[in-house]
Structure formats: C-alpha cells, structure tokens
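Visitor: Dropping the structure in here first, questions after.
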Amino acid sequence: MTDARVGVLHHVELWVPDLDRAVAEWGWLLGRLGHEVFQDWPGGRSWRLGSTYLVVERSPDQLGEAHERCRPGLNHLAFHAGERAAVDALVGAGPAHGWAPMFAERYPWAGGPEHYAGYLENSDGFEVELVARSAGNS
C-alpha cells in the first residue's frame, strides 16, 4: 500500500520581520485562495488548504530583517488561482492589501504567451505567482 501523501508538500514556513503585517497580507491572499486559519500562537500563524499549510512566523532566532527574493533561497511561491477572472480580481485587489503588482507592463503574459498569471510582491519582498487555469495548466 502506498501513501498518497508521499512527495506532496507538507508546509512552508516564512520568517517575517513584522508579524501583524504578514498576518494581514498573507491572511487576505490565502483566504481568497481558499485556505483556512490552521494554527495561531503569539509568534506566528498558519493557514491550511488540504494537507499543506503555510506559516508566517516572527522567530526569536531570525537573523536580519529583510527577505531578498533575488538572493539564494526562496524566489517565489506559485498558487493555482482559478479562472482568469479570479487572477484579474486578485491582482486588482492586491494593492489594497499590501501586495504590489510586478511585471505590470507584461501582465498577464509575463510568464510566456501560454501562461496567464499575475505576480504580486508584499511589503516584506515575498513574491507570489497566481496562475490561471488553462487547457495546458492543470
């Protein structure tokens, strides 16, 4: 018998410089994508969708205050975001929730002519890619 979870991402943990801001920004986005609050403690919060969850934490072990997506490490997280209209709505509403559009001059084709997606960056420099459903994109 095989475990269907083998190979599926369990969780991602992001260390953030400002927990309240991260909870507001990530909470809005993840909530719109169908995630629900999973854990909440004085130093962090997590949201879950299925068996995978995302954590934002202000750790006492954290070194430095800034995330830089162009340095070695995490560049971005990509999420399935539904139909094209859902991507458009998220990209349009993002600035009111701390998320700035990226690659706006090439939206929605910044990922290529067959890849409808929006790119947002939050106040802490974390980038997300919001990928629309298409025939070639499951």
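Visitor: Relative contact order of the chain, please, whole-number percent, based on alpha carbon pairs below 8 angstrom and at least 6 residues apart.
Guide: Numbers: 214 pairs, mean separation 31.2, N = 138.
Across the chain, relative contact order equals 23 percent.
Visitor: Per the 1.4 Å probe, what fraction of the accessible area of the stretch 16-138, in percent, lies on carbon and sulfur atoms? Walk me through the intermediate numbers first.
Guide: On the way: 3450 of 6630 Å².
Accessible surface attributable to carbon and sulfur in the stretch 16-138 totals 52 percent.
Visitor: Given a 1.4 Å probe, how much area per residue of the chain is accessible, in Å²? The partial results should precede the final answer.
Guide: Working: 8120 Å² over 138 residues.
On a per-residue basis, the chain sits at 59 Å².
Visitor: Give the shape of the chain as rounded, prolate or oblate, defined through the alpha-carbon gyration tensor: a ≥ b ≥ c are the square roots of its eigenvalues, a/c under 1.5 means rounded, and otherwise the shape is prolate if a/b is larger than b/c and oblate if not.
Guide: Working: a/c = 1.67, a/b = 1.20, b/c = 1.39.
In terms of gyration-tensor shape, oblate.
Visitor: Dipole magnitude of the chain about its Cα centre, charges +1 at Lys/Arg Cβ and -1 at Asp/Glu Cβ only, in debye to the nearest 20?
Guide: Numbers: 11 positive and 19 negative charges, 68 e Å.
Here the chain has a charge dipole of around 320 debye.
Visitor: Next question, about the same structure. When the chain is fully extended, how far beyond the present Cα-Cα distance does His10 get from Ser59, taking 0.36 nm per residue of separation? Mind showing how you got there, number by number?
Guide: Values: separation 49, 0.36 × 49 = 17.64 nm, distance 1.99 nm.
In short, 15.7 nm is gained.
Visitor: With contacts defined as alpha carbon pairs under 8 Å and 6 or more residues apart, what's the relative contact order of the stretch 19-76 in percent?
Guide: Working: 51 pairs, mean separation 13.7, N = 58.
Dividing the mean separation by the residue count of the stretch 19-76 yields 24 percent.
The values are calculated or read from the model by the stated rules, or taken from the named source; none is laboratory data. Keep in mind that this is a model prediction, so the values were computed, not measured. Note that we place each Cβ from the backbone using ideal geometry, even for glycine, and neighbour counts take in every protein chain shown. Protein only, heavy atoms only, side chains kept; ligands, DNA and RNA dropped before computing areas. Shrake-Rupley method; radii C 1.70, N 1.55, O 1.52, S 1.80 Å.
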